[in-house]
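All remarks here apply to the structure that follows.
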Amino acid sequence: MKADFYSLSRRELSAALENAGFEKFRAGQVFDAVYKNKIFSPRNFPSIPEKLKLWLEQNCEFSAGRLVVGKGASDDTKKFLFELNDGKFVECVLLEAPDDGGGVRKTLCVSTQVGCACGCRFCASGKNGFFRNLTSGEIVAQFLPFVKEERRGSKKARVFSFENVVVMGMGEPLMNTDNLLAALDVLNSPEKFAFGARRITVSTCGIADSIERIAKADFPYRLAISLHGATNETRSRIMPINAKFPLERLVAAAEAFAASNGRMITLEYILIKGVNDSPSDARELAKIAGRIGAHVNLIPYNPVEGLPWERSPARRRADFAEVLKRERVSFTLRREKGSEIDAACGQLALRTSAYNSDSSIGAP
Ligand code: SAH
């Protein structure tokens with residue numbers, strides 16, 4: 001089996017190349033080609049002998065998947081299906097939003113599993129259950145197509161076309177923690193892509209033991225917790241994971257994380273009509289946010305075909321926000337993004353009949 005190229009440190013590559021009879025300095029050239037010049041196919045590496053290109057192609061995996069279809073929407077959300085080498089599909093989404101300086105800020109949303117085992121009742125991703133974890137190479141591969149040419153002074157450079165990364169696609173990242181951390185390290189490591197840790201957010205449905213683990217480890221990224229319910233009763237109704245990790249344990253883990261990581265946690269809260277959108281829910285949410293010192297992100301629910309849940313009406317969302325304001329909670333009331341193109345988690349891949357390559361979705 002081929003080695004995942006991106007998992008290799010410079011030192012490991014150097015040793016492997018030397019072992020195969022190549023000069024030691026070639027590792028630096030290859031690293032520059034990939035991480036500096038962002039060329040992801042050995043065929044196109046500059047100043048590399050044919051023999052080494054061939055060796056790299058035969059021994060290393062440079063692309064663990066490919067984009068097969070993209071959908072655009074008028075509100076600048078672009079959704080892509082990503083085909084893995086075993087024919088399974090996951091999705092990634094590119095969101096564009098205006099930034100403070102009048103420009104556009106692009107955020108790439110990536111997946112960590114095929115399907116999901118958590119079974120949140122409102123979510124499309126878990127509807128067909130869990131297939132498998134993505135490898136770190138497959139997580140990294142979702143970033144690679146988003147590279148563009150940019151003029152820098154008199155030179156052209158290849159750069160990532162997104163400014164932020166959110167791990168909010170299909171799957172539960174903290175049930176695939178090792179591969180996730182390996183992939184984020186490729187993105188963040190100074191000897192690799194050197195993409196800033198503060199521009200990377202990992203979102204979890206509340207796997208408390210993994211949160212405890214990353215609270216103790218070197219985890220420089222931001223953390224978002226999909227709370228969606230501020231009492232055990234409400235949360236258990238829509239999120240089965242709450243039976244395993246009830247709010248007391250989750251909140252304690254979040255507190256430990258906040259203390260060690262030093263960055264504000266975000267609590268994601270989708271407002272579902274008649275389920276979690278009452279003023280009393282808002283007061284409970286304010287208490288939790290206060291304990292953790294978290295920022296709250298209120299999101300209108302994006303209805304999923306075949307599921308009974310509805311979006312909380314605008315008036316009710318505003319009342320909910322008003323309570324948070326009164327309780328002095330830091331929050332944002334997000335407007336819906338990408339609802340026209342099924343951008344809520346899992347919905348596009350679900351249409352390709354269980355992520356199978358035999359489905360009717362064709363190449364773009
Ligand atoms: N498993 C992780 C990340 C994937 S989901 C997590 O749960 O955080 C990314 C976010 O989208 C989560 O907050 C999830 O609860 C939310 N989500 C899922 N389905 C949605 C829908 N139909 N409308 C709005 N948000 C949804």
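Among the residues here, Asn188 qualifies as in the same structural domain as Val159 (by TED's automatic domain parsing), crowded, with 18+ Cβ neighbours inside 10 Å, more than 30 Å from Arg316 (Cα to Cα) and away from the ligand (no atom under 11 Å from the Cβ). I need the full set of residues from region 275-297 which are closer than 20 Å to Ala314 by Cα and in contact with a Ser or Thr (Cβ under 8 Å, 6 or more places away or on another chain), in order please. Of everything in region 275-297, those that are closer than 20 Å to Ala314 by Cα and in contact with a Ser or Thr (Cβ under 8 Å, 6 or more places away or on another chain) turn out to be Val275, Asn276, Asp277, Asp281, Val296, Asn297. Within region 198-207, the set of residues being over 13 Å from the mean Cα position of the chain (by Cα) and away from the ligand (no atom under 16 Å from the Cβ) comprises Arg198 only.
Inclusion of Gly229 among residues that are under 17 Å from the mean Cα position of the chain (by Cα) and either modelled with pLDDT of 95 or more or not assigned by TED's automatic domain parsing to the domain that holds Leu95 (or both) is not warranted.
When residues in region 324-353 are screened for being crowded, with 18+ Cβ neighbours inside 10 Å and modelled with pLDDT of 85 or more, 3 of them pass. Residues of region 113-125 that are of a type outside the set (A, V, I, L, M), more than 8 Å from the ligand (Cβ to nearest atom) and under 16 Å from the mean Cα position of the chain (by Cα): Gln113, Gly115. Of the strands (runs of 3 or more DSSP E) lying entirely inside region 54-173, those carrying at least 2 residues that are under 24 Å from Phe40 (Cα atoms) and among the β-branched types (Val, Ile, Thr) are 65-72, 89-98, 164-167. Counted as qualifying within region 202-315 are the helices (runs of 4 or more DSSP H) with 1 or more residues that are in contact (Cβ under 8 Å) with a residue 40 or more places away in the chain, open to solvent by 20 Å² or more (accessible area, probe 1.4 Å) and charged (D, E, K, R), namely 208-216, 232-238, 247-261, 279-292. The set of residues in region 77-96 being surrounded by 16 or more Cβ atoms within 10 Å (Cβ to Cβ) and not charged (D, E, K, R) consists of Thr77, Phe80, Leu81, Phe82, Leu84, Phe89, Val90, Cys92, Val93, Leu94, Leu95. The test for being charged (D, E, K, R) and surrounded by 20 or more Cβ atoms within 10 Å (Cβ to Cβ) does not hold for Glu150. The set of residues from region 119-173 being on the phi > 0 side of the Ramachandran plot and touching a helix residue (DSSP H, G or I) at 6+ places or on another chain (Cβ under 9 Å) comprises just one member, Gly119. Looking only at residues in region 247-276 that are within 13 Å of the ligand (Cβ to nearest atom) and of a type in the set (D, E, K, R), the one that is modelled with the lowest pLDDT is Glu268.
Condition first: charged (D, E, K, R), within 17 Å of Phe143 (Cβ to Cβ) and more than 15 Å from the ligand (Cβ to nearest atom). Now tell me which residues in region 74-101 satisfy that. Result: Lys78, Glu83, Glu96. The criterion of being more than 15 Å from the ligand (Cβ to nearest atom), of a type in the set (A, V, I, L, M, F, W, C) and open to solvent by 60 Å² or more (accessible area, probe 1.4 Å) holds for Val104.
The values are calculated or read from the model by the stated rules, or taken from the named source; none is laboratory data. Everything numeric here is computed off the predicted structure, so don't read it as measured data. Note that each Cβ is placed from the backbone with ideal geometry, even for glycine, and that neighbours are counted across all protein chains shown. Just the protein is used for accessible areas: all its heavy atoms, side chains included, with ligands, DNA and RNA removed. Shrake-Rupley method; radii C 1.70, N 1.55, O 1.52, S 1.80 Å.
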